[in-house]
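Undergrad: I have a structure here, written as structure tokens, and I will follow up with some questions on it.
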Amino acid sequence: MKKRLPANIPSAFRLGDENEAIIYADQHLHLWHWSEELIQWLSRNEM
């Protein structure tokens, strides 16, 4: 499922909660732009 990052990034998270995903995406999204093949693979193999 695709979601937009919120305007205000949370300052804390608990392992496995949505805030963890938001913080990860905010800090690492730039890396995913370099890996189109990985994104395609994930799209084909999502659970």
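Undergrad: Looking only at segment 31-47, how many residues end up being part of a helix (DSSP H, G or I) and under 15 Å from K2 (Cα atoms)?
TA: Taking segment 31-47 and keeping what is part of a helix (DSSP H, G or I), we get 31-32, 36-44.
Filter once more, so that each one left must be under 15 Å from K2 (Cα atoms): 32, 39-40, 42-44.
Of the residues in that region, 6 qualify.
Undergrad: Okay, moving on. Being surrounded by 11 or more Cβ atoms within 10 Å (Cβ to Cβ) and modelled with pLDDT of 85 or more is the filter here; which residues of segment 18-47 pass it?
TA: E18, N19, E20, A21, I22, I23, Y24, A25, D26
Undergrad: Just give me the residues in segment 23-45 being of a type in the set (A, V, I, L, M, F, W, C) and out of contact with any Phe, Trp or Tyr (no Cβ under 8 Å at 6 or more places or on another chain), in sequence order. First the steps, then the outcome.
TA: First, the residues of segment 23-45 that are of a type in the set (A, V, I, L, M, F, W, C): 23, 25, 29, 31-32, 34, 38-39, 41-42.
Within segment 23-45, A25, L29, L31, W32, W34, W41, L42 qualify.
Undergrad: Give the residue that is nearest to E46 (Cα to Cα), with candidates limited to residues of segment 1-30 that are among the polar types (S, T, N, Q) and outside any loop (DSSP other than H, G, I, E, B). Even if it seems obvious, please write down each step before you answer.
TA: At the first step, the residues of segment 1-30 found to be among the polar types (S, T, N, Q) are 8, 11, 19, 27.
Pick out the ones that are also outside any loop (DSSP other than H, G, I, E, B) and you get 19, 27.
Working: N19: 20, Q27: 22 Å.
Step by step, filter segment 1-30, then rank; the result is N19.
The values are calculated or read from the model by the stated rules, or taken from the named source; none is laboratory data. Worth saying up front: this structure is predicted, and the values here are computed from it rather than measured. Because the Cβ atoms are built from the backbone with ideal geometry, glycine has one as well, and the counts that use them run over all protein chains shown.
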